[in-house]
Structures are given as C-alpha cells and as structure tokens.
1. Do the conditions hold for residue 495, that is, is it of a type in the set (Val, Ile, Thr), at pLDDT 95 or above and either more than 16 Å from the ligand (Cβ to nearest atom) or over 19 Å from residue 614 (Cα atoms) (or both)?
2. Of all residues in segment 199-219, how many are closer than 24 Å to residue 460 by Cβ and surrounded by 13 or more Cβ atoms within 10 Å (Cβ to Cβ)?
3. Identify the residue in segment 486-501 that is in a loop (DSSP other than H, G, I, E, B) and touching a His at 6+ places or on another chain (Cβ under 9 Å) and, among all such residues, is surrounded by the most Cβ atoms within 10 Å (Cβ to Cβ).
4. Can we say residue 466 is crowded, with 22+ Cβ neighbours inside 10 Å, within 16 Å of the ligand (Cβ to nearest atom) and charged (D, E, K, R)?
5. Are there helices (runs of 4 or more DSSP H) fully within segment 86-170 with at least 2 residues that are among the charged types (D, E, K, R) and not assigned by TED's automatic domain parsing to the domain that holds residue 490? List them.
6. Out of the residues in segment 472-482 meeting the condition of being out of contact with any strand residue (DSSP E or B) (no Cβ under 8 Å at 6 or more places or on another chain) and more than 20 Å from residue 543 (Cβ to Cβ), tell me which one is surrounded by the fewest Cβ atoms within 10 Å (Cβ to Cβ).
7. Return yes or no: is residue 278 out of contact with any helix residue (DSSP H, G or I) (no Cβ under 8 Å at 6 or more places or on another chain) and either over 19 Å from residue 548 (Cβ atoms) or among the aromatic types (Phe, Trp, Tyr) (or both)?
8. Regarding residue 535, is this residue over 30 Å from residue 354 (Cα atoms) and aliphatic (A, V, I, L, M)?
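The values are calculated or read from the model by the stated rules, or taken from the named source; none is laboratory data. From a predicted model like this one, the values you see are computed outputs, not experimental measurements. Reconstructed Cβ throughout: ideal geometry from the backbone, glycine too, with neighbour counts over all protein chains shown.
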Amino acid sequence: MKKRLLAVLFLTVLIAACSSPLPPEVPSREPVRLLYQAGEVVSAYDAAIRKAEDELATLAQLPAPDRTSMEKSLLRFEQILGDLDDRVLAVTSLCYFGTNAVVREESFACAAEYSSFIKILYTRSDIYQAVRDAIPRDDDEKQLLKYHRKRFEKSGLALDDAKRNELTAALSAVSDKERQFSKNIADDQTTVEFTAAELTGVPQNYLDSFAKTSDGTKYIVRPEYQNYVCVVTYAHSAATRQKMMLAYHQVGGPANITLLSEAIDARRKIASLAGYASWGDYQTDGRMAGTAKTAVDMLNGLKTEIKPRFDTDMQKMREAKGADFGGAATLDLWDTPYYAKKIKKKDYSYDTEALKEYFPLDGVLDGLFGICGELFGIQIEEVKDAAVWDRAIKLYATRDLASLRILGYFYLDLYHREGKDNRFFMSALLNARLLSDGTYQKPVAIFLGNFVRRVGDQPPLLEQWEVETVFHEFGHVLHVILSRVPYSSLSGYNVPWDYGELPSQMLEFFARDRKILSRVSGHYQERSKKVSEEMLNQLAAVNTFNLSYRYYEKIWQSLVDMTLHTSAIPLDPTATCNTMFKDTLGMELPAGDLFMAGFGHLMGGYDAGYYSYIWSEVYAWDVLAEFQKTNFGSAEIGAKYRRAILERGAIRDPSDLLKDFLGRAPNDGAFRKWLGI
Ligand SMILES: [Zn+2]
C-alpha cells in the first residue's frame with residue numbers, strides 16, 4: 001500500500017517535472033566559507049583533523065579479509081582525505097588573502113601543519129597495510145591505487161622501523177624549514193628609498209602607489225615583484241635599477257640561505273633512505289620526466305640549440321647600452337629589462353604605454369570569459385551580492401552551456417591590499433569529486449593578483465605580459481573548476497608537477513595570437529576602439545625579440561635547482577647560483593646578491609621541479625597548435641580539449657591524456673617552431 005502510494009506520488013512529480021522545465025540553478029553566494037573571525041580558523045582546522053584522525057584510526061583496524069575491497073579500503077581512504085581537504089583547503093588558503101592579520105597568521109600555521117600532516121600520513125604503515133592490497137575494478141581505481149601506493153612507497157614504507165622513523169623525521173624537518181622560509185619572506189619589512197629624480201622614467205601610477213618619507217622628499221618602495229619589475233624596466237638610472245634589484249634579491253636574507261641548505265640536506269637523506277640516487281630522481285619519479293637526468297638533458301639540449309639566438313639578443317642589448325654611454329658597455333642583470341624595453345621601442349616601434357591603453361583589466365577579462373565560453377562550452381556569470389571580504393572581489397559561477405547546470409565557481413581577487421600575498425596565482429579552495437549521492441561537488445578556485453589601481457576607480461591598464469598572466473592564471477582556474485574526476489587526489493590541479501602548467505601555459509599562449517588580442521582589446525576611454533593592425537604587427541614582431549634570453553633565465557634557475565638537488569654532497573646555494581648564472585648568462589651577480597633566499601619555488605613544492613615550466617611548455621605548444629589550425633574558432637576542438645584535458649585531472653597519465661586529445665603521441669614540433677629552431 002505504502003509502496004503504491006509512493007509510486008503514484010513519484011509519477012505525479014515526474015509529470016510535473018516534464019511539463020515545466022526545471023528552474024535554472026541559483027548560484028550560491030558563498031560556495032565555500034571564507035569569512036572567518038580570529039580564533040575560528042584554528043578551531044575549524046583542528047575539528048577537521050580530529051575527525052580525519054578518528055576515521056583513519058578505524059580504517060587502520062580494517063580486518064584483513066576486507067582489505068582487498070576497494071570500497072572498504074582504498075576508496076574509504078580517499079573519501080577521508082577528500083572530506084578533510086574540503087574542510088581544510090579554504091582555511092589554509094586564507095593566509096594569502098585574508099583581511100584580518102590574526103586570521104592570516106592562524107591560516108599560515110594551519111597550512112604548514114596540514115602539509116606536515118599529509119606527509120606524515122603517508123609514512124603510516126598501519127594505513128598502508130589497510131589500503132595497499134585493494135583490488136581495483138576499473139582503470140580509474142587502478143590509477144588511484146597507483147597514485148597512493150607510490151606516495152606511501154616514496155615515504156619509506158618498504159623500510160624497517162628505524163629507517164622509516166629517520167625518514168619521517170627528515171620529512172618533518174623539510175616542512176619546518178619550508179614554513180620558516182616562506183615566513184621570513186612574508187615578514188621581510190625591507191624597504192628602499194629613492195628620490196623622485198632617482199625614479200625618473202617610472203610611470204606615474206606606480207609613483208602614486210609608493211609611500212613617502214615623513215619629510216616628503218623620498219619614495220619608500222617595498223621590494224615586491226611588481227615594484228621590482230617596474231623599477232628595473234623603467235628607471236633611467238642604472239644605480240637605481242641595481243639598488244632595486246639587489247633589494248629584491250635580498251628578500252628573505254641569509255637566514256633563508258641556511259634554511260634552504262638544511263632542507264636540501266634533509267631531502268638528500270630522504271631520497272637516499274627511500275632508495276633513490278638523488279632528490280632529483282625522487283621528485284621526478286611518477287612525473288612525465290621520470291628521472292632528473294631526462295629533465296637536465298632537456299634543459300641542456302635547449303640551451304645549446306638556442307645559444308646563437310641568445311648571443312644575438314645579448315649583443316643587441318649590449319649595443320643599446322653602449323649607445324647610452326658612448327662606447328662598449330658591460331651588461332648587467334639590472335640592465336636587461338630596461339634595454340630590452342628600449343630596443344622594443346626603437347627597433348620595433350613598440351610603445352608599451354600606448355598599447356596598454358587598449359587593455360584595461362575589465363575588458364581583458366570580459367574578452368577572455370567570452371572566448372573560453374565559446375570554445376569550452378561554458379557560461380560565466382557574476383554572482384551578485386556574493387559574500388566577499390573586500391568590495392573589489394568578485395565571485396563567478398560557471399555553467400555548462402548545454403545543460404546550464406553550475407559546474408563550479410571562482411573568485412577574482414586581483415588588486416593589491418596591505419597584508420595580501422604579493423604574487424599572481426591561483427589557489428583551489430574546493431576540489432571536484434564524486435559525492436555519495438552521485439553528483440559532483442562543485443569546485444571553487446580563486447585567482448589572486450596584485451594589480452595597482454589607477455586614479456579613482458579606473459581599472460588598471462595591462463602590458464602584454466600582464467595580459468598573458470591573466471590568461472595563464474585563468475587556465476589554472478579552468479583546470480580546477482571544470483574537473484570531473486571522481487577523486488579529490490587526482491582532481492583539478494592535483495596532477496604530476498611537470499604537467500600542471502600545461503592548461504595555464506596553453507591559455508597564456510592564446511594571448512600572443514593577433515585574433516585573440518584584438519578580441520580582448522578595447523581602448524579604456526572608448527571601448528569599441530580595438531587595437532590597430534599596425535600595433536598587432538609590432539607586437540607579433542616584438543614577441544620574438546629576446547625570446548632566447550627569457551628562456552636562458554629559466555634554464556639557469558632550473559639548472560641551479562637540479563644541481564643542488566642531485567649533488568651527492570652539500571653545495572653552497574649562493575655560490576652555485578652565482579657560478580651557474582655566469583656560466584649560463586655570461587654576467588656576474590653583484591656582491592651581496594642572495595637570489596636563492598627569495599627563490600620560493602625551491603621551498604614551496606618546485607624543488608627539483610622548476611624545470612617543469614619549460615617541460616610543460618613543450619606540450620602546451622603542441623596542444624595550442626590544434627587550436628591554431630582553426631584560428632581559435634572551433635568549438636569542437638575546445639570541447640575535445642575540455643573533455644580530454646580540463647575535465648580529467650590526473651585520472652590517467654598525462655601522456656595518455658595528451659594522446660586522447662591529440663590523437664597521436666605528443667611531440668616538440670610546435671615548441672621548436674615557436675623558438676625558430
Ligand atoms: Zn602557473
């Protein structure tokens with residue numbers, strides 16, 4: 001009887017549903033909680049960890065006969081990790097952008113603790129025993145098992161207790177050093193002072209953003225990335241550029257050099273205990289490169305191939321400096337951005353100031369959203385009255401164009417704020433994953449930037465590299481919010497390190513195409529006025545200038561990273577950095593330079609991984625070439641890319657994902673074409 005009644009009710013509901021379409025899904029004003037008071041972050045974090053620890057304790061007791069069951073062992077483990085990640089990702093990200101200093105401090109401490117917690121978790125043999133014998137039933141489960149087993153094995157699970165304890169202690173030590181390293185950078189209060197005359201050449205909007213000394217005679221400049229780039233690019237005075245560069249290269253101070261050395265020593269020990277020849281091999285195992293040698297060979301091969309073009313780039317800049325000083329000149333690192341800009345203006349009639357008037361930030365974003373919408377079959381809409389922490393922050397919902405269902409959300413927090421992290425980057429706040437009710441969790445990402453506002457509330461005007469940055473970070477955002485992977489551990493940006501930049505670089509390269517640039521352009525005073533053909537020609541020509549120099553800088557940093565992380569004996573980071581700088585770029589770093597003290601990548605996950613930027617570029621160009629074939633006009637290719645790459649995180653190995661998209665094995669043809677080699 002009850003059953004029949006239910007059936008009738010169900011039928012009625014079904015008829016009602018068929019006769020009137022479902023109302024459009026209303027976006028959430030707060031897809032993930034980000035507004036916290038002091039004290040709440042730690043308690044939220046602690047509660048999440050306590051819950052996970054209880055669940056892990058139960059899992060560790062799983063009876064032996066149940067350990068082959070995916071549901072009871074590995075999938076349960078994945079679910080515990082996914083639940084934990086959901087509760088912890090946002091609170092541990094507040095350190096980057098929270099408006100309350102205490103909240104940021106708490107978040108920073110929790111983020112560091114969380115990183116240690118996860119590292120230590122994979123050293124637990126009771127959990128390993130509970131999950132390692134799970135029998136996968138399909139390829140997705142196989143991939144998940146492979147991923148977790150590899151992490152356990154790299155954490156020394158094959159070792160006896162004494163050695164495993166040693167390895168665990170070294171892992172904790174690395175986390176502590178990394179945490180302190182970032183803290184030293186964040187806490188660095190160094191400033192440099194310049195008179196107005198010393199800053200001649202620096203654009204007015206930057207000057208307006210600098211504080212002044214109490215007597216008003218000098219500008220106070222913090223050695224942050226944006227300020228550094230601006231001063232070394234625009235200041236006419238070489239002494240000013242040198243002073244700015246040195247200040248930027250000293251952020252973190254000698255204490256960070258010691259921390260880096262200690263972390264490298266601990267990593268060497270971990271690699272050795274886990275049975276690897278070096279930390280380079282340890283890190284690359286499971287990534288596309290596979291071994292440190294493959295990565296280093298790629299870097300050295302590229303270095304040799306583009307050497308003639310690098311020499312030409314350097315010669316041009318030397319000549320430009322010589323012209324300023326009436327004779328032969330020695331080029332220094334703080335000269336290169338300045339003279340590169342001068343050459344661009346003189347030889348390519350490239351006028352950055354005139355060009356950027358066509359790229360106001362809001363216009364670029366509108367254009368970018370439109371392009372991504374058409375190509376990837378999505379619709380991006382602003383969520384009105386969103387719960388945000390600063391009036392300049394915006395929240396967007398992303399819908400699938402066909403079904404209009406909401407796929408995910410992203411925040412744009414693009415302006416500089418006191419206390420906010422001073423980089424441009426994307427952070428995942430919630431990962432996509434399959435929930436127990438069969439629906440996908442809606443992922444949430446945040447794009448953090450540090451643009452400086454212009455006078456009044458006018459949007460900033462972007463240089464071309466800034467347009468590329470916006471495209472790049474949005475590529476990361478799409479990777480997170482379009483993910484359709486059942487497991488959090490393999491979802492979105494949780495992919496092998498040397499593959500993770502592919503979606504961002506691919507989109508970044510869109511911003512070098514004439515059609516795309518024209519589409520996102522619009523003069524800030526008259527939006528219908530597009531960038532001219534002539535300017536686009538100049539831009540295309542100028543993009544090839546100094547190309548080799550830019551790769552040489554990345555090659556130098558990548559080789560320093562790999563040298564420090566493959567050496568059998570401790571090396572002095574500063575001496576290694578300076579020597580390799582001279583060997584690669586042919587210039588000297590000045591006395592007192594501490595570049596490695598602020599090279600956060602080596603203490604933030606890119607250790608023995610900096611090569612990834614060039615590595616994934618090779619594949620990004622290969623993928624881009626598919627879009628170029630149809631002049632970025634094919635929604636079919638866009639849909640294929642979304643399905644094969646953006647939705648699939650690391651549910652298959654990157655080479656298989658690329659093969660699915662390309663219909664063939666990836667190659668370096670398009671990358672070489674771009675480089676002209
Ligand atoms: Zn990136």
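1. On the way: of a type in the set (Val, Ile, Thr): yes; at pLDDT 95 or above: yes; either more than 16 Å from the ligand (Cβ to nearest atom) or over 19 Å from residue 614 (Cα atoms) (or both): no.
No: the conditions fail for residue 495.
2. Residues of segment 199-219 that are closer than 24 Å to residue 460 by Cβ, as a first pass: 199-212, 219.
From what's left, surrounded by 13 or more Cβ atoms within 10 Å (Cβ to Cβ): 199-203, 205-207, 209-210, 212, 219.
Within segment 199-219, residues that are closer than 24 Å to residue 460 by Cβ and surrounded by 13 or more Cβ atoms within 10 Å (Cβ to Cβ) number 12.
3. Narrowing segment 486-501 to residues in a loop (DSSP other than H, G, I, E, B): 486-487, 491-501.
Filter once more, so that each one left must be touching a His at 6+ places or on another chain (Cβ under 9 Å): 492-493, 495, 500-501.
Working: 492: 31, 493: 21, 495: 27, 500: 23, 501: 24.
It comes out as 492.
4. Details: crowded, with 22+ Cβ neighbours inside 10 Å: no; within 16 Å of the ligand (Cβ to nearest atom): yes; charged (D, E, K, R): yes.
No; evaluated as a whole, the condition is false for this residue.
5. Details: elements: 101-121, 125-131, 139-154.
Those helices (runs of 4 or more DSSP H) span 101-121, 139-154.
6. Of the residues in segment 472-482, the ones out of contact with any strand residue (DSSP E or B) (no Cβ under 8 Å at 6 or more places or on another chain) are 472, 475, 478-479.
Those left that are additionally more than 20 Å from residue 543 (Cβ to Cβ): 478-479.
Working: 478: 26, 479: 30.
Only one residue fits best here, namely 478.
7. Numbers: out of contact with any helix residue (DSSP H, G or I) (no Cβ under 8 Å at 6 or more places or on another chain): no; either over 19 Å from residue 548 (Cβ atoms) or among the aromatic types (Phe, Trp, Tyr) (or both): yes.
Answer is no for this residue.
8. Working: over 30 Å from residue 354 (Cα atoms): no; aliphatic (A, V, I, L, M): yes.
Answer is no for this residue.
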